[in-house]
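*Asks:* Here you go, one structure.
The values are calculated or read from the model by the stated rules, or taken from the named source; none is laboratory data. In this text the structure is predicted, and so the values were computed from the model without any measurement. Neighbour counts run over all protein chains shown; Cβ positions are idealised from the backbone, glycine included. Surface accessibility is based on the protein's heavy atoms, side chains included, excluding ligands, DNA and RNA. Shrake-Rupley method; radii C 1.70, N 1.55, O 1.52, S 1.80 Å.
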Amino acid sequence: MKLNSVSGLIFMVKDPVKSADFYEDLGFLVAKREADLASVRVNWFWLDFVQAHEYRATGNDGQYLYVSVADVDETCKQLTEKKLKPTKPEDYKTGRRETMISDPDGYKLVFFQKK
């Protein structure tokens, strides 16, 4: 078996339109925006937001979506200007500098740059 790439993720959410709006504000392109299904993308990578029903949970503290950026400190500043609450930028032993926010359903978005 030969794997080519990871193409996308599906997030169970309370409100797909609200999620699409949130990610669009971060710079993702909206591909679909409907009451029960929305989709955004960056380059070839896509995220689908499917409306959760009572038996499906939304958000998860154990899931993190990593987004590569040119400058973590500038990204942190821009997120703060958008009234989001990013974590303080931090350097890790892996060689990454990161800041993180949560989306409306609790999914974690980590903006990072490789040093």
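*Asks:* Out of the residues in the stretch 1-44 meeting the condition of being touching a strand residue (DSSP E or B) at 6+ places or on another chain (Cβ under 6 Å) and among the basic types (Lys, Arg), tell me which one is nearest to TYR66 (Cα to Cα).
*Replies:* Going through the qualifying residues, I end up with ARG41.
*Asks:* Name the strands (runs of 3 or more DSSP E) wholly within the stretch 1-49 that hold at least 3 residues that are of a type in the set (Asp, Glu) and surrounded by 17 or more Cβ atoms within 10 Å (Cβ to Cβ)?
*Replies:* In the stretch 1-49, no matching strands (runs of 3 or more DSSP E) lie anywhere.
*Asks:* Here is a follow-up. Hey, could you check the stretch 87-115 for residues that are in a loop (DSSP other than H, G, I, E, B) and open to solvent by 30 Å² or more (accessible area, probe 1.4 Å) and say which is nearest to VAL17 (Cα to Cα)?
*Replies:* Looking at the filtered set, the residue picked out is PRO104.
*Asks:* Looking only at the stretch 1-36, how many residues end up being touching a Lys or Arg at 6+ places or on another chain (Cβ under 7 Å) and either of a type in the set (Asp, Glu) or modelled with pLDDT of 90 or more (or both)?
*Replies:* Total meeting the criteria: 6.
*Asks:* From the set of residues in the stretch 50-66 that are in a loop (DSSP other than H, G, I, E, B) and more than 26 Å from SER5 (Cβ to Cβ), which is modelled with the lowest pLDDT?
*Replies:* TYR55
*Asks:* Additional query: Answer yes if at least one residue in the stretch 67-86 is modelled with pLDDT under 95 and in a strand (DSSP E or B), and no otherwise.
*Replies:* Taking every residue of the stretch 67-86 in turn, at least one turns out to be modelled with pLDDT under 95 and in a strand (DSSP E or B).
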